[in-house]
Amino acid sequence: MAIISFEIPDNISHLKLSPTQEKNIKNKLRGQYLGEVAEVYAVELAEKIFGQKFHLASYNHKGWDIISEDGLIKIEVKQTSCLGTKTDLSIGSTWGKKGECTHIMIFDLYNEEHSISLIPHDKFFKSNFHGKVKLWRWNKDYNLNNQTRNTRLFLEYKINQK
């Protein structure tokens, strides 16, 4: 397990946070770190899957995170490392990508055995979304009796990482 450290500016280093505040900060930092790592790994996986070079999109670009060198394959990368509900994992901020990317790559970093799925755009956006913010959920245990359609879709396009 990697340990990340950083410097706290001297003028605020004396301040103490409550255990809850520290936990919240660690969770935020972990989420940001995992998001960055997922994108780098997504480039590696996409190159293997599609047999061509990929690179990260610029930070000011909306619609996808990695793109093929020829510009034809645009992949939005999402990851989750915590439960969205008691039984489900979820990702958000995907609905705005409709019509912008060719695939959604989802990293399940919650389960000890991490799974990754690369779902084609049209299949992904024809699946189930929840609530006003249109969260995409699938069962944390990959049980097909809960969030059946999305869980099945995740499993159908699951990537073999070996």
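Here, each number is a calculation from the coordinates, and none is a lab measurement. Small disclaimer: the values here were computed from a predicted structure and weren't measured. Heads up, the Cβs are rebuilt from the backbone with ideal geometry, glycines too, and the neighbour counts pull from every protein chain shown.
Ranked from highest to lowest mean number of other Cβ atoms within 10 Å per residue, what is the order of the peptides 39-47, 134-142? Intermediate values should be presented prior to the final figure.
Details: 39-47: 17.8, 134-142: 20.4.
Packing order, densest peptide first, comes out as 134-142, 39-47.
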Would you mind checking which residues have amide H under 5 Å from Asp88's amide H? H placed 1.01 Å from N; only 5 or more apart, or other chain.
Lys140
If the cut-off is 13 Å between C-alpha atoms, which aspartates and glutamates fall inside it for Lys140, apart from same-chain ones fewer than 8 positions away?
Asp88, Asp108, Glu112, Glu113
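Only bridges whose two residues both fall in the chain count here: according to DSSP, what percent of them are antiparallel, nearest 5? The partial results should precede the final answer.
Values: 18 of 24 bridges.
Taking every DSSP beta bridge with both residues in the chain, the antiparallel ones total about 75 percent.
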How are the alpha carbon pair distances in the chain distributed across 5 Å bins from zero to the largest one, expressed in percent?
2, 8, 16, 20, 18, 14, 10, 6, 4, 2, 0
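I'd like the FRET efficiency for Leu17 and Ser58, computed as 1/(1 + (r/R0)^6) with the beta carbon distance as r and R0 of 45 Å, rounded to 0.05. Don't skip to the answer; put the middle values down first.
Numbers: r = 34 Å, r/R0 = 0.76.
The computed FRET efficiency comes out at 0.85.
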Between the alpha carbon centres of the range 85-153 and the range 24-53 the gap in Å comes to 16
Once you list every other residue whose beta carbon is under 13 Å from the beta carbon of Asp88, what net charge do they have if Lys and Arg are +1 and Asp and Glu are -1?
+2
Only bridges with both residues in the range 50-130 count here: give the DSSP antiparallel percent, nearest 5.
65
